[in-house]
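Quick notes on the structure that follows.
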Amino acid sequence: MEKMFTGGCLCGAVRYECSAKPMMTGNCHCRDCQKSSGAPFVTAMAVPASALKISGDVKYYEIKAASGNAFSRGFCPECGARLFAKSSGMPRLALITAASLDDPSQFRPAMDFYISSAQPWDHMDPALPKFAQMPT
């Protein structure tokens, strides 16, 4: 991916730009991501939180993750599009959903994780490394 990339929600009320390349990319198959997205997995990237600039209001929904940390998913309060996530266990990182990119074709996932919760009808890319839970 390019060092600088941009994206936003469906209605345009929330926009973001990031000035750093992703540190991690992947597909999360956990049940929380499935339920929050209505899809078999969420494709996301981790970036330094300090490199992410957000304009517009974002509403966060917080849960207790399997790790015991607080995990918050960020949505546009107008259109409901899921854009971001953050964890109290990794406060210097921000997660961005890949489908919210202005040019999602530049994104490449590097792994599948929480595949222990993957749906049997979800056909994963066999070339990607697989992790039953969150990789360390």
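Before moving on, here are some points about what is shown:
- The residues of segment 15-136 expose, per residue, 56 Å² of accessible area to a 1.4 Å probe.
- Contact order relative to length of segment 44-136, as percent, for alpha carbon pairs under 8 angstrom and 6 or more apart: 22
- One way to sum up the overall shape of segment 1-63 is the equivalent ellipsoid from its Cα gyration tensor, whose semi-axes run 21, 16, 11 Å, largest first.
- Equivalent-ellipsoid semi-axes for segment 25-136 (Cα gyration tensor, √(5λ), whole Å, largest first): 22, 16, 14.
- Segment Ala70-Ser19, extension gain: residue separation times 0.36 nm, minus the distance between their alpha carbons: 15.8 nm
- Selected from Leu95, Leu83, Leu52 as most flexible by GNM, with the chain as the system and alpha-carbon contacts under 10 Å: Leu52
- Once the chain from Ser50 to Arg31 is taken as fully extended at 0.36 nm per residue, the excess over their C-alpha distance is 4.0 nm.
- Applying a DSSP loop filter and a limit of 10 other Cβ atoms within 10 Å to the trypsin sites (Lys or Arg not before Pro) in segment 1-49 leaves Lys3.
- Loop-located trypsin sites (Lys or Arg not before Pro) across segment 42-136 with a Cβ neighbour count of 16 or fewer within 10 Å are Arg92, with loop assigned by DSSP.
- DSSP bridge orientation in the chain - percent antiparallel, rounded to nearest 5: 90
The values are calculated or read from the model by the stated rules, or taken from the named source; none is laboratory data. Small disclaimer: the values here were computed from a predicted structure and weren't measured. Cβ coordinates were reconstructed from backbone atoms using ideal geometry, including for glycine residues, and neighbour counts include every protein chain displayed. These accessible areas exclude ligands, DNA and RNA; they are computed on the full protein's heavy atoms, side chains included. Shrake-Rupley method; radii C 1.70, N 1.55, O 1.52, S 1.80 Å.
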